[in-house]
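Read the structure below first, then the notes.
We did not get these values from a lab; they are worked out from the coordinates using the rules stated. Treat the numbers as computed from the prediction; the structure is a model and nothing was measured. Please note: Cβ atoms are built from the backbone with ideal geometry, for glycine as well, and neighbour counts cover all protein chains shown.
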Amino acid sequence: MDILALLRRDHDAFFAAIASIAALLEPGAFQRATVRSKGHALVLQLQIHARSEERSLYAGLFALARAPPNVREHLDRKGREGVCEHQSIDDATLRFERIIDDDKCLRADILAELTVVGELLEHHARVEEEGELFPEVERHFSMEERQGLGAEMESLRLALSVAPERLRLAAVLAT
Ligand SMILES: [Fe+2]
Ligand SMILES: [Fe+2]
């Protein structure tokens, strides 16, 4: 499968999950246990997505030796920017997980942390990736290459799903 289609599908699923957790944080609808379980599941999927995206798509950008130097420089910059944004999202999700695990935390505070995660993700996934990076990937990679990256991403994702403890070992980028 084309890696871009795969990534877009993941992004859509994340926004749907965030909306469904936000609905459980409305006044009168608060369900702490469900927010906790759905919240941890969301964070796990976000981490699996980010780590496997870094190892497939971003690594592909860094390795695109055939492109002219100015294109390589540009793609390299976009890839590094993406990794930094993943780290900001990781930080926000860490705070979110801490707050959903705290029995004393208020519904409105959980909603605030979730909103921040959603906003960071909106900028990163919709504006930076889907809006800017993906069209560049479409321009510089053939469909066959994109499918190759997609297969790589799927196997990385599977490996991390069955052994999530490997997430901690997965370096941001193999440099
Ligand atoms: Fe990303
Ligand atoms: Fe992404």
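How charged is the neighbourhood of LEU25? Take every other residue with its Cβ under 11 Å from the Cβ of LEU25, and add Lys/Arg as +1 and Asp/Glu as -1. My count for the surroundings of LEU25 gives 0. For the chain, the Cβ-based charge dipole about the Cα centre amounts to some 360 debye (Lys, Arg positive; Asp, Glu negative; other atoms uncharged). Dividing the mean sequence gap of close Cα pairs (under 8 Å, 6+ apart) by how many residues the chain holds gives a relative contact order of 41 percent.
Only sites in a loop by DSSP and with at most 10 other Cβ atoms within 10 Å count here; which GluC sites (Glu not before Pro) in the range 93-175 make the cut?
On the way: sites: GLU97, GLU113, GLU119, GLU122, GLU128, GLU129, GLU130, GLU132, GLU136, GLU138, GLU144, GLU145, GLU152, GLU154, GLU165; in loops: none.
Hits after loop and neighbour filter: nothing returned.
Which residues make up the longest stretch of the chain clear of trypsin sites (Lys or Arg not before Pro) that lie in a DSSP loop with no more than 13 other Cβ atoms within 10 Å, not counting the sites?
Values: sites that count: ARG66, LYS104.
By the stated rule (loop sites, at most 13 other Cβ atoms within 10 Å), 105-175.
Contour minus end-to-end for LEU158 and ARG66, with contour as 0.36 nm per residue of separation and end-to-end as the Cα-Cα distance? Don't skip to the answer; put the middle values down first.
On the way: separation 92, 0.36 × 92 = 33.12 nm, distance 3.00 nm.
Contour length minus Cα-Cα distance gives 30.1 nm.
Local charge sum around ILE100 (other residues, Cβ-Cβ under 13 Å, Lys/Arg +1, Asp/Glu -1)? Summing Lys and Arg as +1 and Asp and Glu as -1 gives +1. The Cα atoms of the range 1-46 cover 42, 17, 10 Å along the three principal axes, with the biggest extent listed first.
Distance between the pseudo-spin-label points of HIS123 and ASP101 (7 Å out from Cα toward the beta carbon): 2.7 nm.
Using a simple spin-label model with pseudo-atoms 7 Å out from Cα toward Cβ, HIS40 and ARG77 lie 4.2 nm apart.
Multiplying each eigenvalue of the alpha-carbon gyration tensor of the chain by 5 and taking the square root yields semi-axes of 32, 16, 14 Å, largest first, rounded to whole angstroms.
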